[in-house]
Amino acid sequence: MKTTLNLFVIGMLLVILGGCNGSQENPSPEKSTAPEFKGKIAKTYEESKEWWPKKKRPPEDAPNVIIFLLDDVGFAQVGSFGGLIETPNIDKLANNGLRYNNFHTTALCSPSRATLMAGRNPHMIGLGSHALTAMGFPGYNAIVPPSAKSVANYLEEEGYVNYALGKWDHTPLYEVSQVGPFDRWPSDEGFAHSYTFMAADVHQFIPVMWDDHHPEPYRKTEHLDKDLADRAIDWITGHKSFFEVQGLC
């Protein structure tokens, strides 16, 4: 007992002496990330001048951006590429833009969607396979590194307001819950709001949807396509009430 007490006292002295070491460097103060105040603070409110930091918005000539990805679709299913199926609305978009014929898919929906958003090869962002079959190995764990930000993150930094709608299945299955973590959800990939089904497929009439981080299980609907279109209209209507449609993704 006596030996133990002596060791304890010696240990306490070492801790105290170490804390009193004069050569210990003081931690450098953290730099403030708040913008510099450009107003005026005087003795009275009447003499003071308010100032608010200007929110970043895209320039007036910035385009709106729509990215839509269709699963299990090839050139034969799109009219603008000579397919037999009539796709008049897609054809209108194609006729007013550029068409590319060298897009490399991963032959799976989940990694195709993630690589399109990140601009990286699938194994570089942990999606060498589907996120639902994520495994604890590099290239296959469905964990996108912070260095591979989504294109929506970059648009958000430039003042865009982004919305994700429809299928979102590149979040690891073990992270799809109300408690998160939400690092690999639309909310962390630059989207202000999302209305998605976070699975490989979904029932078209009784879908299990996620409204941001809130589940809407087994909600009956006329058809999921109509619900998605209605939600898009609601978002764009709300967006236009504050801004012009410009700055929308």
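Coordinate-derived values only; no laboratory data. Everything numeric here is computed off the predicted structure, so don't read it as measured data. Note: ideal-geometry Cβ built from the backbone for every residue, glycine included; neighbour counts use all protein chains shown.
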Q. Using θ = phi - 60° and the Karplus form 6.51 cos²θ - 1.76 cosθ + 1.60, what ³J(HN,Hα) does each residue of segment 118-135 get, whole Hz, x for Gly and Pro?
A. 8, x, 10, 5, x, 5, 6, 10, x, 10, x, 9, 6, 4, 5, 10, 4, 10
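Could you compute Rg(Cα) / (2.2 N^0.38 Å) for segment 45-107, with N its residue count?
Output field value: 2.07.
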Q | Centre separation in Å (Cα based) which lies between segment 139-178 and segment 39-93 | A | 17 Å
**Q.** Considering only segment 104-242, percent of DSSP beta bridges that pair antiparallel, nearest 5
**A.** 50 percent
Q. What GluC sites (Glu not before Pro) does segment 76-181 have in DSSP loop regions with at most 16 other beta carbons within 10 Å?
A. 86, 158
Q) Can you list residues whose amide H is under 5 Å from residue 209's amide H, if they're 5+ apart or on another chain and H is modeled 1.01 Å from N? A) 216, 218, 219
Q: Once you have a ≥ b ≥ c as the square roots of the Cα gyration tensor eigenvalues for segment 104-242, tell me rounded if a/c is under 1.5, and otherwise prolate or oblate according to whether a/b is larger than b/c.
A: oblate
Q. Hey, what do the phi angles of segment 186-200 turn into as Karplus ³J(HN,Hα) couplings, whole Hz, using 6.51/-1.76/1.60 and θ = phi - 60°, x for Gly and Pro?
A. x, 4, 9, 9, x, 9, 5, 9, 8, 9, 9, 10, 9, 8, 6
Q.
I'm a student and want to see the number: the projected area of the Cα convex hull of segment 83-132, averaged over all directions, in nm².
A. 4.8 nm²
Q) In terms of modelled amide H atoms, which long-range or inter-chain residues lie less than 5 Å from the amide H of residue 139? A) 126
Q) residue 164's amide H: which non-local residues (gap 5+, or another chain) put their own amide H closer than 5 Å, with H modeled 1.01 Å from N in plane and none for Pro or chain starts? A) 193, 194, 195
Q: Apply the Karplus parameterisation 6.51 cos²θ - 1.76 cosθ + 1.60, with θ equal to phi minus 60°, to every residue of segment 67-75 and state each ³J(HN,Hα) to the nearest whole Hz, in sequence, with x for glycine and proline.
A: 10, 10, 10, 9, 6, 6, 10, x, 4
Q) Using +1 on the beta carbon of Lys and Arg, -1 on that of Asp and Glu, and nothing else charged, what's the dipole of segment 137-205 about the Cα centre, debye to 20? A) 140 debye
(Q) Using DSSP to call loops (not H, G, I, E or B), can you name the trypsin sites (Lys or Arg not before Pro) in segment 28-113 whose Cβ has at most 13 other Cβ atoms within 10 angstrom? (A) 31, 38, 43, 54, 55, 56, 99
